[in-house]
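Let me begin by presenting the structure, written as structure tokens, before commenting on it.
The numbers here are math on the coordinates, done by the rules we state, and not lab data. As the structure is a prediction and not an experimental result, all values here were calculated from the model. Ideal geometry is used to build each Cβ from the backbone, glycine not excepted, and the neighbour counts take in all protein chains shown.
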Amino acid sequence: MQIETLLDFRDIEKCPRLVIKLGSALLVDKEGMLRRDWLRTVAMEIAGARQRGQEIIVVCSGSVALGAAMLDLPAGGRETLAHAQASASVGQVVLAATWAQLLREHDVLAGQMLLTLDDLEGRRRYLNAAATIRQLLQSGVVPIINENDSIATSEIRFGDNDRLAARVAQAASAQGVLLLSDVDGLYDRHPDDPDAERVEAIRGVTDEIHDMATGGSSSGMGSGGMTSKLLAAEIAERAGIALAIVNGTPDIPIGRALAANTGTLFLPKRDDSAFKSWIGGRLRFNGSLTVDDGCIEALKNGKSLLAAGIIEVTGDFERGDVIAIKDKEGRMVAKGMSEYDYDEADAIKGLRSDQVADRLGHLPRSAVIHRDQLVIL
């Protein structure tokens, strides 16, 4: 049974495990103060879901905005990296304590997890994070997850919690992700346009869907926007996870949005294995392969990537690294785990299989990237 409607996010059989993401614009008002009364209604909804038997994971922004107000820093704490990191350090304490208190009012325990990009990009650390989430859920705890902005830099950060929520859903084997935002969903043009119409359901994010998005957060507090939500939807849809964007502004936001059927639902496009979901969700790469049109067609037909189809090799990767696969125009068409390091891949690019051994001086592997370790986008 799969999620097919917004109401299905409340169905225990279709969605036994749900990730809820709350953005800064919802948690913090324009003065940088926590919207505690609103958050109390969300905690009540989470407790109700737990009582129904549904496991809930929360991905929560807001620490930078909260901390910036307490430290009286300009630009919501995002003027410099040092400001953002200091703001996050202070704000995260308040945020965690508030969640613990509000959930405890319903006899529910909260557990905090702070993650960086590296925690979900490296396979071993990804599995460790997944194991921690599973143990918390088995213990009846609601994990409250945020990016560790107090140490994250531009090189090791997600940059938005929308994609973090999708990656957490993968790691947790969740069936659904709810992105609570300050808009009703995705519109076919800017929501301020009087002719704009909300898109109710999408199966497969395309270039045309991306063209509908407007970057940036309307509140100016967060780091996300509709573009980041579509990127999160792409991660989720390849892993068989349904994702919805709903308006979380009013009190009791989840119940109101689902009951009114207002939002945009992104339906799963396929259901990759756990390993392929991890590959498909990767956001950072140490290198890439540019391949010809014939190679791309072969990959789409389920073939492995062979040296003969490679035009160019870039980066500094090692065997076992997940790298990007691009077409001649530079568009990423796939991701995969390389069987060769950069030097070997560069040495054998364009060679037929019977030529590879002579160039390497040893027996070659069956492919540069095996089909079992490759994900088509």
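Details
- For the stretch 1-121, the gyration tensor built on C-alpha atoms gives a prolate shape. Its axis ratio a/c (a ≥ b ≥ c) is at least 1.5, and a/b is the larger of a/b and b/c.
- Rounded to 5, the percent of DSSP beta bridges in the chain classed as antiparallel: 40
- In this rough spin-label picture, where each label sits 7 Å from Cα along the Cβ direction, the Arg198-Arg124 distance is 4.7 nm.
- Shown is the FRET efficiency for Lys328 and Ser273, computed with R0 = 35 Å from the Cβ-Cβ distance and rounded to the nearest 0.05: 0.75.
- Peptide packing: for 46-55, 347-356, the average count of neighbouring Cβ atoms within 10 Å per residue gives the ranking 46-55, 347-356, highest mean first.
- Pairwise centroid distance, computed over Cα atoms, of the stretch 248-305 with the stretch 20-87, Å: 26
- Calculated from backbone phi, Karplus (6.51, -1.76, 1.60) coupling profile of the stretch 56-67 in Hz, x at Gly/Pro: 10, 10, 10, 10, 10, 8, x, 5, 5, 4, 5, x
- Mean Cβ neighbour count within 10 Å, used as a protection proxy, ranking 184-190, 326-332, 89-95, 125-131 highest first: 89-95, 184-190, 125-131, 326-332
- A cut-off under 14 angstrom between Cβ atoms defines the neighbours of Arg359, and their net charge, with Lys, Arg +1 and Asp, Glu -1, is -2.
- Near Phe266, the amide H atoms lying under 5 Å from its own belong to Ile202, Leu243, Ala244, Ile245; only residues 5 or more places off or on other chains count, and H is placed 1.01 Å from N.
- Under a 5 Å amide H cut-off, with hydrogens placed 1.01 Å from N, Ile20 pairs with Ile57, Val58, Val59, Leu178 among residues at least 5 apart or on other chains.
- ³J(HN,Hα), Karplus 6.51/-1.76/1.60, whole Hz, each residue of the stretch 365-377, x for Gly, Pro: 7, 5, 7, 6, 9, 6, 4, 6, 10, 9, 10, 7, 8
- Spatial separation of Cα centroids for the stretch 1-19 and the stretch 322-377, in angstrom: 39
- Amide hydrogen neighbours beyond the local backbone of Asp184, cut-off 5 Å, H modeled: none
- Between Asp358 and Ala259, the simple spin-label model (points 7 angstrom out along Cα→Cβ) gives 7.5 nm.
- Subset of Lys276/Lys328; Lys229/Lys300; Lys21/Lys229; Lys269/Lys335; Lys276/Lys300 violating a 20 Å alpha-carbon distance limit: Lys276/Lys328; Lys229/Lys300
- Net charge dipole size for the stretch 314-358 [Lys, Arg +1 and Asp, Glu -1 on Cβ; Debye, nearest 20]: 360
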